[in-house]
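Data block below; observations after.
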Amino acid sequence: MITAVDTNVLIDVFRDDPSFAEVSSNQLRRCTREGRLVACDIVWAELAALFPSRKMLEQQMERLAINFLPVQHEAACLAGEIWRRYRARGGRRTRIVPNFIIGAHAQLQCDRLLSRDRGFYRKLFKKLTVIDPSR
C-alpha cells in the first residue's frame, strides 16, 4: 500500500498544530504500518520553504519514513486536464495547478492520499481514496 502525503498533514506535524498535529501523526504512523509513505515534487517544494536548509527537511522526512516519488508525465497531464475542466465549470482561482498535481500523482502513482483537504480531492479525483486524519 503506497500512501501519498499532502503538505497540510506534514505542516500539522512539523509545526505542532494544536488542532491537527496529534491526529495527523497518528494517521502517518498507521499508514506507515500499512505500507510505504511518499511525497511528490510539489509537496517537497512546499515543505522546503519551511526549513532553513535542505538537510533539515530531508532529516525530518527520513524520520517520518517519507520517500520522494516524482510526478510522472501521465500524472502531470492529468492534473492539467482536470484543472482545465474545473475552471471551465466555474471553479475558483484559489485552487491552483499544484493542488491538482498532488491529486493526480496520488491517483495514478499511489493507492491513496493522506490529506485534510478531503472535499476537494474527493470531488475532482473520483478514483482516489482519501484519508482525512481530522475525521
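Maximal additional length on extending the SER19-GLN72 stretch stands at 15.7 nm, based on 0.36 nm per residue less the C-alpha distance.
Here's the picture: charge each Lys and Arg Cβ at +1 and each Asp and Glu Cβ at -1 in the stretch 2-131, and of ALA88, ILE2, LEU124 the one pushed furthest to the positive end of that dipole is ALA88.
Which percent, to the nearest 5, of DSSP beta bridges fully inside the chain are antiparallel? Around 0 percent antiparallel, to the nearest 5. Which is farthest toward the positive dipole end of the stretch 43-84 among LEU64, CYS77, SER53, measuring Cα position about the Cα centre, with Cβ charges +1 (Lys, Arg) and -1 (Asp, Glu)? Most positive-ward Cα: SER53. Using θ = phi - 60° in the Karplus curve 6.51 cos²θ - 1.76 cosθ + 1.60, the 3J(HN,Hα) couplings for the stretch 78-84 round to 4, 4, x, 5, 5, 4, 4 Hz; x is entered for Gly and Pro.
Taking 8 Å as the Cα distance limit and 6 or more residues as the minimum spacing, I'd like the relative contact order of the stretch 16-93 as a percentage.
On the way: 32 pairs, mean separation 24.5, N = 78.
Once normalised by length, the contact order is 31 percent.
What size of dipole, in debye to the nearest 20, comes out for the stretch 2-131 about its Cα centre when the only charges are +1 on Lys and Arg C-beta atoms and -1 on Asp and Glu C-beta atoms?
Working: 22 positive and 14 negative charges, 136 e Å.
For the stretch 2-131, the charge dipole is close to 660 debye.
Computed from the Cβ-Cβ distance with R0 of 25 Å, the FRET efficiency linking GLN60 to ARG92 stands at 0.20.
Per-residue Karplus couplings for the stretch 111-121, computed as 6.51 cos²θ - 1.76 cosθ + 1.60 with θ equal to phi - 60°, are listed in order as 9, 6, 10, 9, 7, 7, 9, 4, x, 4, 5 Hz, Gly and Pro entered as x. In percent, rounded to a whole number, the relative contact order of the chain is 31, using alpha-carbon pairs under 8 Å and six or more apart.
Principal-axis analysis of the Cα atoms of the chain puts helix 97-109 at an angle of about 80° to the longest axis. Taking volume of the Cα convex hull per residue in Å³ as the quantity of interest, determine which of [x] 114; [y] 124; [z] 104 was computed from the displayed structure. So the structure-derived entry is [z]. Remark on ARG36: its backbone amide H falls under 5 Å from those of ILE2, THR3, a criterion applied only to residues 5 or more positions apart or on other chains, H modelled at 1.01 Å from N. The angle between the Cα long axis of helix 54-63 and the longest principal axis of the Cα atoms of the chain comes to about 80 degrees, rounded to the nearest 10.
For LYS127, the aspartates and glutamates whose Cα falls under 12 Å of its own Cα, not counting residues fewer than eight places away in the same chain, are ASP111.
A helix-only calculation puts the chain at -17000 deg cm²/dmol for mean residue ellipticity at 222 nm, using -39500 (n - 2.57) for each DSSP H run of at least four residues, averaged over all residues. Each of ARG84 and ARG33 was given a label point 7 Å from its Cα along the Cα-to-Cβ line. The distance between the two points is 4.4 nm.
The numbers here are math on the coordinates, done by the rules we state, and not lab data. All values reported here derive from a predicted model rather than from experimental measurement. Positions of Cβ are generated from backbone atoms using ideal geometry, with glycine treated the same way; all protein chains shown enter the neighbour counts.
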